[in-house]
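The values are calculated or read from the model by the stated rules, or taken from the named source; none is laboratory data. Everything numeric here is computed off the predicted structure, so don't read it as measured data. Cβ: placed from backbone, ideal geometry, glycine included. Neighbour counts: every protein chain shown.
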Amino acid sequence: MYENVSELKRVTLAEVLDRILDKGVVVKGDLVISVADVDLIYIGLQLVICAADKLYESGEDLV
Amino acid sequence: MICVYGIVNNNRNCEFIELPGRNAIRIVPRGEIGGVVSEISPGDLEMRENNFWKYHEVLLKLSEYYTVLPVRFGTTLRDTEAVRELLSCNYERFVTAINNLKGKVEIGVKVMRYIKESGEEYCPVQKSELTGKAYIMSRLQQKRKKSIQQNDAGNLGAEINSILNRESERSNPVIRGDKKIILNGAYLVNAGHVDYFKKCVKEIALRYPDLKFLISGPWPPYNFVSIKCS
């Protein structure tokens, strides 16, 4: 009946990333992530990771 | 250092949530609310798919029992005292946000248009086929056509969002006529109305057979928490 509707039974990683990296409460200065076993500590940053196109859309400069 | 997952409407001391493969998750209380935290093991905050899923899993589990304000992935604080300080400094904001979101969940709706392989929507002119004025006129015509299509798509996105907005408590839409996804919306609905809302989406989809609809959720209300604090 609803041929053009899909209900995602299992959410995709993209959907999850869009939310856990880009939304929610942001605590300034206390974000730690690590890439390839190297801890990266960011102090005083609100935005660390988001899709490049979102950054461009938001009008913010790439640092 | 400890990892902070979210802020919840809970003030019970040391409530533990057990999830396989995670350090014990507990609630640090402050007044009517609490911060959900766990110790960090090496690699927990590495940018790996597995960690993203685990983080998401914790928030999903929390949202089964509490109203949750999700905290961005990778947020860490020095110790329990720092969590209490965060809660104290932003207490009113957190309590207000939690009260506004009590009993509500987020549903994601994406609406996509089909870009036809035949190139009906976009058909570049081969420069070699035309020359001079004819080529420029052809490009202008294409540009105009594309602009109209984008405008129409944007209007469609706005129209669908307007209907879904009426069926939800709040919405957070991104409408882009120039993209394949013309509407990427998050809708806040009462937890008891999730099935009803999804049915509404499906009914709307029947009116737009040329568009593809994708529904996701229920999610914790990620898109309806916009709190920046120090």
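Remarks
- Of the residues making up region B:32-70, those that are touching a residue at least 24 places away in the same chain (Cβ under 8 Å), over 17 Å from B:Pro221 (Cα atoms) and within 11 Å of chain A (Cβ to nearest Cβ) are B:Ile40, B:Asp44, B:Leu45, B:Lys54.
- For region B:173-197, filtering for residues that are buried (at least 19 other Cβ atoms within 10 Å of the Cβ), within 12 Å of chain A (Cβ to nearest Cβ) and not aromatic (Phe, Trp, Tyr) leaves 2.
- Annotation: of all residues in region B:207-230 being more than 18 Å from A:Thr12 (Cα to Cα) and at the interface with chain A (Cβ under 7 Å from one of its Cβ atoms), the one that is surrounded by the most Cβ atoms within 10 Å (Cβ to Cβ) is B:Val225.
- Test result for B:Leu86, modelled with pLDDT of 90 or more, surrounded by 15 or more Cβ atoms within 10 Å (Cβ to Cβ) and under 30 Å from B:Ile163 (Cβ atoms): no
- Contacts under 6 angstrom Cβ, first residue in region B:173-195 being closer than 13 Å to B:Val111 by Cα, partner outside any helix (DSSP H, G or I) and among the basic types (Lys, Arg), 6 or more apart: B:Ile181/B:Lys110; B:Ile182/B:Arg113; B:Asn184/B:Lys110
- Residue in region B:134-152 that is out of contact with any Ser or Thr (no Cβ under 8 Å at 6 or more places or on another chain), in contact (Cβ under 8 Å) with a residue 12 or more places away in the chain and either closer than 16 Å to B:Glu106 by Cα or among the aliphatic types (A, V, I, L, M) (or both) present: no
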